[in-house]
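Okay, structure first, notes after.
The values are calculated or read from the model by the stated rules, or taken from the named source; none is laboratory data. A quick note: this is a predicted structure, and the numbers were derived from the prediction, not measured. Neighbour counts run over all protein chains shown; Cβ positions are idealised from the backbone, glycine included. We work out accessible area using only protein heavy atoms, side chains counted, and drop any ligands, DNA or RNA first. Shrake-Rupley method; radii C 1.70, N 1.55, O 1.52, S 1.80 Å.
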Amino acid sequence: MDPIEQAYAAPRSAIVVPGALQRPSTAWWLLFALVALTALVLGSLALRLVLSGSTTSPYRLVAFTFPLLLGLGAVGMYGYIRVRRIGPRWLWISHLAVSWPLMLITAGLQLTILVGQVRVGAVSGLWSALPQLVWIVGTLSLGLPLLLALGRYISRFPHLWARRPID
């Protein structure tokens, strides 16, 4: 029996798209390490900011938004790299639905602040604008691949999200 006939003869839960079982490349491990490290650094900075008492109570929750989203994204990226089901599929779909607009809004606001500083004259050269540029590039260079990996995690491995796992 040829492979096409075998695929049609197999039960519906056993049919997997060709190439779906391939593991992602090892370059994703480097990105995973960067995302996890960034989440830890931002989380420790937010914790220090909250413990110092310099923020009012509504902003304490906002201080932990990015580290929590990055940490959760790192967990999803680990599942993508290892091709393992971690949590329900709706969790990752909702994470993408929240993270995409938040990342784009954050990068846009950072760019707007930078342009405003240039117009006012507060930025007198590249060295003055460097911190803002680092935030913009960091947001996009970590955020876009992270969300791409989570999108692939949801869509590329249908056998992970099946009701009955394939053995």
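For region 65-112, which positions are modelled with pLDDT under 85 and open to solvent by 60 Å² or more (accessible area, probe 1.4 Å)? Correct list: Phe66, Leu109, Leu111, Thr112. Figure legend. Inter-residue proximity from region 33-51: first residues of a type outside the set (Ser, Thr, Tyr), second residues open to solvent by 70 Å² or more (accessible area, probe 1.4 Å) and assigned to a helix (DSSP H, G or I), beta-carbon distance below 6 Å, spacing 6+ or different chains. Indicated pairs: Leu42/Phe66; Val50/Arg60.
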